[in-house]
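The values are calculated or read from the model by the stated rules, or taken from the named source; none is laboratory data. The model shown is predicted, which means the values in this text are computed figures rather than measured ones. Every residue, glycine among them, receives a Cβ derived from its backbone with ideal geometry; neighbour counts consider all protein chains shown.
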Amino acid sequence: MTVDALTPKQITVGVLALQGGVIEHISLLQKAAAQLSSQQSTESSSTSTPQFTFIQVRTTAQLSQCDALIIPGGESTTMAIVARRLGLLDPLREFVKVQHKPTWGTCAGLVMLASAASATKQGGQELIGGLDVKVLRNRYGTQIQSFVGDLRLPFLEEEKPFRGVFIRAPVVEEIMTSGSSASGNTQDGSEAGQGGDEIAKLKERQRTEKVEVLGTYPKPQGTGEGEDIVAVRQGNVFGTSFHPELTDDVRIHVWWLKQVVERLR
Amino acid sequence: MASTSTSNGPNGQSTTDDFTVKAGLAQMLKGGVIMDVTTPAEARIAEEAGACAVMALERIPSDIRAAGGVARMSNPSMIKEIQAAVTIPVMAKARIGHVVECRILEQLGVDYVDESEVLTPADDQFHVQKDEFKIPFVCGCRNLGEALRRIKEGAAMIRTKGEAGTGDVVEAVKHIRTVNAEIAQAKAALASGGELAVAKLAREIGCDVELLKKTAELGRLPVVNFAAGGVATPADAALMMELGCDGVFVGSGIFKDAKTPEHAAQRARAIVKAVAHWNDYGELVEACIEHGEAMRGISNAGMKPEERMAGRGW
């Protein structure tokens, strides 16, 4: 069997469309897919690129069509409340944490994908989870502190910095270690998982996958030393504080679509 | 949600970082409802209902109308209390042309300033030069020329003026229809007569040629465009989405004539639902039931010209 035979022919990527910057993501996904297919055709004529379809997701039925999902920027409180009323929160949790489908959250999407958040609205707010991190909402303050800054993102494997657009942005303030006790069982668990049912195996995979820091940005003056975490990945889940969809730079969308293809193999 | 993308990036437009950040927040508000609130308790009701932002003001427009006199920027202490009560963006209104009220709101760290005809204008010659501020601005419009004049001054978000505080949606509908018709006209001009035809139209409607050309190319306003002014019910909100607005401001419609805070909360939830599902009539039935009795309202047809707020500004 060749590697190519494993590559899915059709991949449907959804953008959660309850509120926020939806079409910006769809527009960049389309550009990224076009770039991937032109890259592939020049690299090797025998390699096939999957056919990508991009849809807006407002219902459980639409979510079930998706192989991967983007949760866009917007207001995380609004998205959570609307998702709750639609009965979408549990299907989203299932999608991310049980089915382990590739999911990327930008800004409010990162908040939704965190397992905990601080500076939430009074009484807290519902999250989807999937990343064992705690996010700090509105880390930089109000809109007047929103900014654009150059990010060095090693995973892009390019010198050229990425223009990070931070709008009332959250950051990852803590990587949670609750999964570490489970990872003690990793070896046994993953071997047992081989023969077990698929969901158990997938759950096991999640436990073995640690949170990777994929991007940082210097803390603003007067708010401590060092860098804030602004991009993380844990297995199938990717989150960014900033908004690549508000730029015309397709590199992160291209990278993520490649990750999606890899994970769906 | 409109079918084409807005502002920067996805359209390949070059914008400054400053404008990317200003217009970007408006992009993140799309598909949402921005509610007028006058107290921290009302702001909390709005947040719990799923509002994507609140507009802090001393009186809702229907009460400003009833009270008469001069309507000004709200007291900063009240705005601060609302900022402390919620985590969603807080907007506030300044009088048309009142540069200092805008600077005060900027200093307060509100997330957006609405240079608004709902307040009594402070300058009968000039709107505020908004690109000199770090804080973003939203402005009202009745037609494309007015929208593009405001964008030229630096507005990063546009809304229809409608007729605030009436609960009568007819003016908001008229304004979005006018904007849409003029965008279609600009597209036709660009297609048939190129830049010369666009320049001629720009002279006629009194706006910047480059912005009009960009609008013609995009087939929509180059910034996010919300509905405002008379939107009172879930059906009104969905109607404005159907006409191509990116989201909705609801002023008096939530709290005016609400019997109890719970009734206001129900109305607020219903309008959020209606905007999220504007083309799903099953959901809209639910939203209308949840909404209950609407504000009584004032018909536009019977209003004297001097009673109209939309005529303020140019």
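Of the residues B:231, B:275, which is within 14 Å of the chain's Cα centre (by Cα) and of a type in the set (Val, Ile, Thr)?
Exactly one residue qualifies, and that residue is B:231.
Would segment B:150-171 turn up any residue that is farther than 17 Å from residue B:223 by Cα, of a type outside the set (D, E, K, R) and not in a loop (DSSP other than H, G, I, E, B)?
Taking every residue of segment B:150-171 in turn, at least one turns out to be farther than 17 Å from residue B:223 by Cα, of a type outside the set (D, E, K, R) and not in a loop (DSSP other than H, G, I, E, B).
Which ones in segment A:111-125 are within 13 Å of chain B (Cβ to nearest Cβ) and either among the aromatic types (Phe, Trp, Tyr) or touching a Ser or Thr at 6+ places or on another chain (Cβ under 9 Å) (or both)?
Matches in segment A:111-125: A:111, A:117, A:119, A:120, A:121, A:122, A:125.
Of the residues B:130, B:152, which single one is closer than 16 Å to residue B:94 by Cα and among the basic types (Lys, Arg)?
The conditions single out B:130.
Can you report the number of residues in segment B:237-246 which are surrounded by fewer than 24 Cβ atoms within 10 Å (Cβ to Cβ) and in contact with a helix residue (DSSP H, G or I) (Cβ under 9 Å, 6 or more places away or on another chain)?
Counting residues in segment B:237-246 that are surrounded by fewer than 24 Cβ atoms within 10 Å (Cβ to Cβ) and in contact with a helix residue (DSSP H, G or I) (Cβ under 9 Å, 6 or more places away or on another chain) gives 4.
Please state which of the following conditions residue B:104 fails to meet, knowing it meets all the rest: (1) surrounded by fewer than 19 Cβ atoms within 10 Å (Cβ to Cβ); (2) over 20 Å from residue B:151 (Cα atoms); (3) under 19 Å from the mean Cα position of the chain (by Cα).
The one condition residue B:104 does not meet is (3).
Would you confirm whether any residue within segment B:134-143 is assigned to a loop (DSSP other than H, G, I, E, B) and either free of Cβ contacts under 8 Å to residues at least 24 places away in the same chain or more than 28 Å from residue B:216 (Cβ to Cβ) (or both)?
Yes, because at least one residue in segment B:134-143 is assigned to a loop (DSSP other than H, G, I, E, B) and either free of Cβ contacts under 8 Å to residues at least 24 places away in the same chain or more than 28 Å from residue B:216 (Cβ to Cβ) (or both).
Output yes when any residue across segment B:247-262 is touching a Cys at 6+ places or on another chain (Cβ under 9 Å), surrounded by 24 or more Cβ atoms within 10 Å (Cβ to Cβ), under 25 Å from residue B:30 (Cα atoms) and at pLDDT 95 or above, and no when none is.
yes
Among what's in segment B:49-72 and is more than 14 Å from chain A (Cβ to nearest Cβ) and in contact with a helix residue (DSSP H, G or I) (Cβ under 6 Å, 6 or more places away or on another chain), pick the residue that is surrounded by the most Cβ atoms within 10 Å (Cβ to Cβ).
Checking each candidate, the answer is B:61.
Taking segment B:22-48 as the region of interest, how many residues are more than 8 Å from chain A (Cβ to nearest Cβ), within 16 Å of the chain's Cα centre (by Cα) and among the small types (Gly, Ala, Ser)?
Final tally of qualifying residues: 2.
Residue B:123 passes all but one of (1) surrounded by fewer than 24 Cβ atoms within 10 Å (Cβ to Cβ); (2) touching a residue at least 40 places away in the same chain (Cβ under 8 Å); which number fails?
Answer for residue B:123: the failing condition is (2).
Just one of (1) touching a His at 6+ places or on another chain (Cβ under 9 Å); (2) closer than 23 Å to residue B:227 by Cβ trips up residue B:89, so point out which.
It is condition (1) that residue B:89 fails.
Out of B:216, B:237, which single residue is at pLDDT 95 or above and in contact with a strand residue (DSSP E or B) (Cβ under 7 Å, 6 or more places away or on another chain)?
Within the list B:216, B:237, the selection yields B:237.
Tell me whether segment B:218-229 contains one or more residues that are in contact with a Pro (Cβ under 9 Å, 6 or more places away or on another chain) and closer than 30 Å to residue B:290 by Cβ.
There is at least one residue in segment B:218-229 that is in contact with a Pro (Cβ under 9 Å, 6 or more places away or on another chain) and closer than 30 Å to residue B:290 by Cβ.
Could you look through segment B:1-37, keep only residues that are modelled with pLDDT under 50, in a loop (DSSP other than H, G, I, E, B) and not polar (S, T, N, Q), and pick out the one that is surrounded by the fewest Cβ atoms within 10 Å (Cβ to Cβ)?
B:12
Mind checking which residues of segment A:1-31 are modelled with pLDDT of 95 or more and of a type in the set (A, V, I, L, M)?
Within segment A:1-31, A:11, A:13, A:15, A:16, A:17, A:18, A:22, A:23, A:26, A:28, A:29 meet the criteria.
Name every residue in segment B:73-101 that is closer than 30 Å to residue A:107 by Cα, buried (at least 23 other Cβ atoms within 10 Å of the Cβ) and more than 14 Å from chain A (Cβ to nearest Cβ), in order of residue number.
Those that are closer than 30 Å to residue A:107 by Cα, buried (at least 23 other Cβ atoms within 10 Å of the Cβ) and more than 14 Å from chain A (Cβ to nearest Cβ): B:93, B:94.
Please work out which one of (1) touching a residue at least 60 places away in the same chain (Cβ under 8 Å); (2) surrounded by fewer than 24 Cβ atoms within 10 Å (Cβ to Cβ) is the condition residue B:221 fails and give its number.
Among (1) touching a residue at least 60 places away in the same chain (Cβ under 8 Å); (2) surrounded by fewer than 24 Cβ atoms within 10 Å (Cβ to Cβ), residue B:221 violates only (2).
Just one of the numbered conditions (1) more than 8 Å from every other protein chain (Cβ to nearest Cβ); (2) at pLDDT 95 or above; (3) crowded, with 17+ Cβ neighbours inside 10 Å is not true of residue A:134; which one?
(3)
Would you check which residues across segment B:234-281 are aromatic (Phe, Trp, Tyr) and not in a helix (DSSP H, G or I) and list them?
Of everything in segment B:234-281, those that are aromatic (Phe, Trp, Tyr) and not in a helix (DSSP H, G or I) turn out to be B:249, B:278.
For segment A:216-263, give me the residue count where each residue is surrounded by fewer than 16 Cβ atoms within 10 Å (Cβ to Cβ) and either within 14 Å of another protein chain (Cβ to nearest Cβ) or touching a residue at least 40 places away in the same chain (Cβ under 8 Å) (or both).
Residues in segment A:216-263 being surrounded by fewer than 16 Cβ atoms within 10 Å (Cβ to Cβ) and either within 14 Å of another protein chain (Cβ to nearest Cβ) or touching a residue at least 40 places away in the same chain (Cβ under 8 Å) (or both): 3 in total.
Restricting segment B:109-118 to residues that are free of Cβ contacts under 8 Å to residues at least 60 places away in the same chain and in contact with a Ser or Thr (Cβ under 9 Å, 6 or more places away or on another chain), which is farthest from the other protein chains (Cβ to nearest Cβ)?
B:110
Output the residues belonging to segment A:73-109 that are within 13 Å of chain B (Cβ to nearest Cβ), more than 11 Å from residue A:128 (Cβ to Cβ) and surrounded by 23 or more Cβ atoms within 10 Å (Cβ to Cβ).
Listed by number, the residues that qualify are A:73, A:74, A:75, A:77, A:78, A:81, A:82, A:106, A:107, A:108.
Within segment A:32-65, how many residues turn out to be at pLDDT 95 or above and touching a Lys or Arg at 6+ places or on another chain (Cβ under 7 Å)?
Qualifying residue count for the region: 0.
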